[in-house]
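Step one of this worksheet: look at the structure below.
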Amino acid sequence: MLTVEGVPSRRAGRPLSETSAPELPPSMRPAFTCSQGLVIAALLRLVMPSLRAKVSRRDLMRRTGLGRTVVEDAMRLARQLGLTRESRHPTGACGNIVEIIHPAWRVWIEQNKGGFIAPSPALPPLAEGMFTVSQARVLSALVQMMPESLRAEVSRRELMHRTALGRTTVEDALRLARHRGVIRERRQSLPPGPNMIEIVDPAWRSWIGEHRR
């Protein structure tokens, strides 16, 4: 039986970074990879405020942009660690009833929910639904790195470091932001050097400016 107090070390030879998700207490984070942490973050948003709700794998996959295997692994590990309890929905509808049951996690959520349940303060409300959870984390980091001009040299490596996400996720987030007209990017140097990135969407610029005052 796995326990949070004795979080197991990952098998040697698995170069996976532990999650830095603020939704989990620090003592629980080493048990989860970065991707699994995104699943846990999405799960928490779905079960608030009662910490018990019907949750489907499909919804978690849609919210995180991750595959079924990662979602299943994260949910299984949470059950094994005694963090959650899962039962079949009585109507047989798609999704199971998931409840957060670990006392320490419930206390952590109550004490810190103001810091991570609300949408990211770095992104305007109009971004809701435009990006997955992981992509939104990349763009939040990008906005926080921007000076008042909302134009700066930014490297993929720095975004990966700030978000604890992989290069593919960072690239996908920036590509989608360019496609949606949120940012403009100009190559400054050869990879992995920084590129000049500017937030150009007028609505985003206005919202960010107002919320930085």
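What would the Debye equation give as log₁₀ I(q)/I(0) for region 40-93 at q = 0.16, 0.18, 0.28 Å⁻¹, counting only Cα atoms as equal point scatterers?
With no solvent term, the Cα-only Debye profile gives -0.47, -0.60, -1.34.
If each residue's Cβ is checked for other Cβ atoms within 10 Å, how do Ser50, Ser35 rank with the fewest at the top?
In order of increasing Cβ crowding within 10 Å: Ser50, Ser35.
Using Stokes-Einstein with the Kirkwood hydrodynamic radius over Cα pairs, what translational diffusion coefficient do you get for region 125-211 at 25 °C and a viscosity of 0.890 mPa s, in µm²/s rounded to a whole number?
The calculation lands on 189 µm²/s.
Where a number appears in this text, it was derived from the coordinates with a stated rule and is not lab data. These numbers come from a predicted model, not from an experiment. Cβ atoms come from the backbone with ideal geometry, glycine included; neighbour counts cover every protein chain shown.
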